[in-house]
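For reference, the structure discussed in these notes is given below.
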Amino acid sequence: MADRTPAPDTPELRARWGDFAFTKAYKAKADREIAKYPEGRQKSAVMALLDLAQRQVGDETETQGWLPIPVIEYVASYLDMPVIRVLEVATFYFMYNMKPVGKFHVQVCGTTPCMLRGSDDIIDACKARGMKKGHVSEDGLWTLTEVECMGNCATAPMVQINDDNYEDLTVERLDAVLDALAKGEQPKTGTQEPGRHTSEPSGGPTTLKEMVTENHDYRGEW
């Protein structure tokens, strides 16, 4: 599993991120998130603001982004929260990266359904490209993390890369996805099984077939 400890709070880290502040565009997004909550409940926007801060860091570093301690402190100040409360949120949820990551964060599900369908081979294929769990690859492109279930058991094995899911993977299909990303292309997201659109049964539906083309009323048959 991913290491949830923050990166060391060094002078170098402070020199780089100590003056972090939302850009005009990100500040507008942050204020819109805060405005969704009633007066006195602005702290409820902490998850959204951490995500925005991580994305801004990603924009500035041309990576998927992460949360240095000074950035977490900035979000805490923005919401008038104790820093430890914001740090608790950031370290609890895997959507936040506590250490630098590459341009593409490859999160491989290793929970039972994906494991039974070949996630070990998927992890080995990532390692064959120079990826190591919790580290940025030498070319700066990749960070590999093994995670728990992400809810795509019917289309296992799957990986999440940045904001997109890739499902029904084989080693060959994963290689095609990674090759496309490395070349600056956007591969097809979702299932990689030919002829499959979402998580419907391979080979087509076996029940409620009339629902495929119209909202069929089965009540009379029941």
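Phi angles across the stretch 20-37 convert, under the Karplus curve 6.51 cos²θ - 1.76 cosθ + 1.60 with θ = phi - 60°, into 3J(HN,Hα) values of 4, 8, 4, 5, 4, 5, 6, 5, 4, 5, 4, 5, 5, 5, 4, 5, 6, 10 Hz, Gly and Pro given as x. Heavy atoms of the protein chains alone define the surface here; on that basis the stretch 94-222 has 57 Å² accessible area per residue at 1.4 Å probe size. About the centre of its Cα atoms, the stretch 42-184 shows a dipole size close to 260 debye [charges on the beta carbon of Lys, Arg (+1) and Asp, Glu (-1) only; nearest 20 debye].
Here the accessible area is traced with a 1.4 Å probe on the protein chains. For the chain, carbon and sulfur cover 52 percent of it. Against the chain, whose longest principal axis comes from its Cα atoms, helix 69-78 is set at around 80 degrees. Using the rule -39500 (n - 2.57) for each DSSP H run of four or more residues, divided by the residues of the chain, the 222 nm mean residue ellipticity is -11000 deg cm²/dmol. Taking amide H as placed 1.01 Å from N in the peptide plane, VAL147 has its amide H under 5 Å from the amide H of VAL108, CYS109, GLY110, each at least 5 places away in sequence or on another chain. Each Lys or Arg adds one and each Asp or Glu subtracts one; over the other residues with Cβ under 15 Å from the Cβ of ASN97, this totals -2.
Residues whose amide H lies under 5 Å from that of GLY190, counting only those 5 or more places away or on a different chain, are ASN165, TYR166, GLU167; hydrogens are built 1.01 Å from N in the peptide plane. Angle of helix 171-182 to the longest C-alpha principal axis of the chain, folded into 0 to 90 degrees and rounded to 10: 40°. Relative to the longest principal axis of the Cα atoms of the chain, helix 119-128 runs at roughly 50 degrees.
Based on DSSP, what percent of beta bridges with both residues in the chain are antiparallel, to the nearest 5? Here the share of antiparallel DSSP bridges comes out near 45 percent. Cross-link reach is defined here as a Cα-Cα straight distance under 22 Å, omitting same-chain residues fewer than 8 places apart; for LYS133 the lysines meeting it are LYS99, LYS103.
Taken one residue at a time, the phi angles of the stretch 141-150 give Karplus couplings (6.51, -1.76, 1.60, θ = phi - 60°) of 7, 10, 10, 9, 9, 9, 10, 7, 3, 10 Hz. Gly and Pro are set to x.
The values are calculated or read from the model by the stated rules, or taken from the named source; none is laboratory data. Since the model is a prediction, treat every value here as computed from it, not as a measurement. In this analysis, Cβ positions are derived from the backbone assuming ideal geometry, glycine residues included, and neighbour counts consider all displayed protein chains. Note: areas computed on protein heavy atoms with side chains; ligands, DNA, RNA excluded. Shrake-Rupley method; radii C 1.70, N 1.55, O 1.52, S 1.80 Å.
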